[in-house]
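Read through the structure below, which is laid out as structure tokens, and then see the notes.
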Amino acid sequence: IEVEFGTVNRVVDGDTVVLEDGRTVRYLNVATPETKKPNTIVQCYGTQASAYNYELVYGKQVVLKSDKRNQDRYGRNLRFVFLKGRNTYINNIIY
């Protein structure tokens, strides 16, 4: 398992962020309601999941751990995400 570090520059939705270096990261084992999927209405609690993700990680340093699958079909990096300096596993909090 590879460990990387990054700072969250943008929150896309409840389970996806963009880092300062431009990488898009999709949280592994997390499925929040859709808010950005084309031709799909904003799903129930999707806005709240996005807001919570923003509050939790925006502007913060995170630790990223890869798994067997590195990217999804959209080219997003699939990672387990932890807040740097804290033993906080984002994937468990949001889900």
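The values are calculated or read from the model by the stated rules, or taken from the named source; none is laboratory data. Bear in mind that the values here come from a model prediction, so they are computed numbers and not experimental data. When we count neighbours, we look across all protein chains shown, and the Cβ atoms used for this are built from the backbone with ideal geometry, even at glycine. For accessibility, only protein heavy atoms count, side chains too; no ligands or nucleic acids. Shrake-Rupley method; radii C 1.70, N 1.55, O 1.52, S 1.80 Å.
Numbers for the structure displayed
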{"item": "Subset tally (residues that are modelled with pLDDT under 60 and either open to solvent by less than 40 Å² (accessible area, probe 1.4 Å) or among the polar types (S, T, N, Q) (or both)) for segment 85-95", "result": "3"}
{"item": "Residue count for segment 12-47, restricted to those that are of a type in the set (A, V, I, L, M) and more than 14 Å from the chain's Cα centre (by Cα)", "result": "2"}
{"item": "Leading residue by the ranking (surrounded by the fewest Cβ atoms within 10 Å (Cβ to Cβ)) among those in segment 15-48 that are touching a helix residue (DSSP H, G or I) at 6+ places or on another chain (Cβ under 7 Å) and either of a type in the set (Asp, Glu) or in a helix (DSSP H, G or I) (or both)", "result": "GLU34"}
{"item": "Selection count where residues are assigned to a loop (DSSP other than H, G, I, E, B) and open to solvent by 80 Å² or more (accessible area, probe 1.4 Å), scope segment 71-84", "result": "3"}
{"item": "Only listed residue being at pLDDT 90 or above, basic (Lys, Arg) and in contact with a strand residue (DSSP E or B) (Cβ under 9 Å, 6 or more places away or on another chain), chosen from ARG73, ARG79", "result": "ARG79"}
{"item": "Every residue from segment 64-78 that is out of contact with any Ser or Thr (no Cβ under 6 Å at 6 or more places or on another chain) and charged (D, E, K, R)", "result": "LYS65, ASP67, LYS68, ARG69, ASP72, ARG73"}
{"item": "Enumeration of residues in segment 4-14 that are outside any loop (DSSP other than H, G, I, E, B), open to solvent by less than 100 Å² (accessible area, probe 1.4 Å) and closer than 16 Å to GLY59 by Cα", "result": "GLY6, THR7, VAL8, ASN9, VAL11, VAL12, ASP13"}
